[in-house]
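Comments concern the structure below.
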Amino acid sequence: MTRTVAAFDFDGTLTRRDTLLPFLASMVGWRRVAQALGPEAVTLARDRDVAKERLLVRLLNGLPNAEVRGAGTAFATTVRISPEMQSRLAWHRREGHEVVIVSASLDAYLLDVAERIGVEHTLCTSVEVDATGKCTGRLLGGNCRGPEKAKRLRTHLGDGDIVLWAYGDSAGDREMLALADHPVRTKRGRLSASVVDS
């Protein structure tokens, strides 16, 4: 049997805005986020993954993981999926397709959002937790973006006859979109005009 899978990026695809910085600000405030971002301006332009990890180390290192997860659960209730993408998710479900979120967003809140919207599979970025239950801020298994996003999706798909839909809005989705039988570009939670429910 053919298995049809719909893989969705999160920020800017299912949502209309980025979620990482608002999540961090919900924990430590916008001022601390801005102070932590400042030193990474040059690195951010060269290597987003390195800049992201350094930012997370500055803001989350030493915090109990239970506190971070609790903040994530609370933040997840504020995240809104765009109406257009809610409709698209519903269409894939009606068609009997498997839905997976593939995102660089943190599992601290993304797992809760996925559960709320009925998505069973989530491939995303995780932060390392040390033996005492505290976050280090380092990325566990790398940032789920670009080639890493495609790698994790390929592992999830496994072997077999698969028809893949993929939705993404940025350069970080390029490799995932290249895997798809039906690549769909999105922008701020909206589908491109060429996508038709059929």
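Model label sites at Ala171 and Thr2, defined 7 Å from Cα along the beta-carbon direction, differ in position by 3.5 nm.
Hull surface divided by four, with the convex hull built on the Cα atoms of the chain: how many nm²? Please report the intermediate quantities before stating the final value.
On the way: hull surface 45.4 nm².
Approximately 11.4 nm², given one-decimal rounding.
Annotation note: GluC sites (Glu not before Pro) in segment 106-145 located in DSSP loop regions with a Cβ neighbour count of at most 12 within 10 Å are Glu120. Indicate, rounded to the nearest 5 percent, the antiparallel portion of the DSSP beta bridges found entirely in the chain. Here the antiparallel bridges make up roughly 25 percent for the chain. For the chain, lysine pairs separated by 8 or more sequence positions, or belonging to different chains, with Cα-Cα distances below 20 Å total 4.
In percent, rounded to a whole number, the relative contact order of the chain is 31, using alpha-carbon pairs under 8 Å and six or more apart. Backbone geometry of segment 42-53 corresponds, through the Karplus equation with coefficients 6.51, -1.76 and 1.60 at θ = phi - 60°, to 3J(HN,Hα) couplings of 6, 4, 4, 5, 8, 8, 4, 5, 5, 4, 5, 5 Hz, x marking Gly and Pro.
Coordinate-derived values only; no laboratory data. Note that the structure is predicted; figures quoted are calculated from it, not measured. Please note: Cβ atoms are built from the backbone with ideal geometry, for glycine as well, and neighbour counts cover all protein chains shown.
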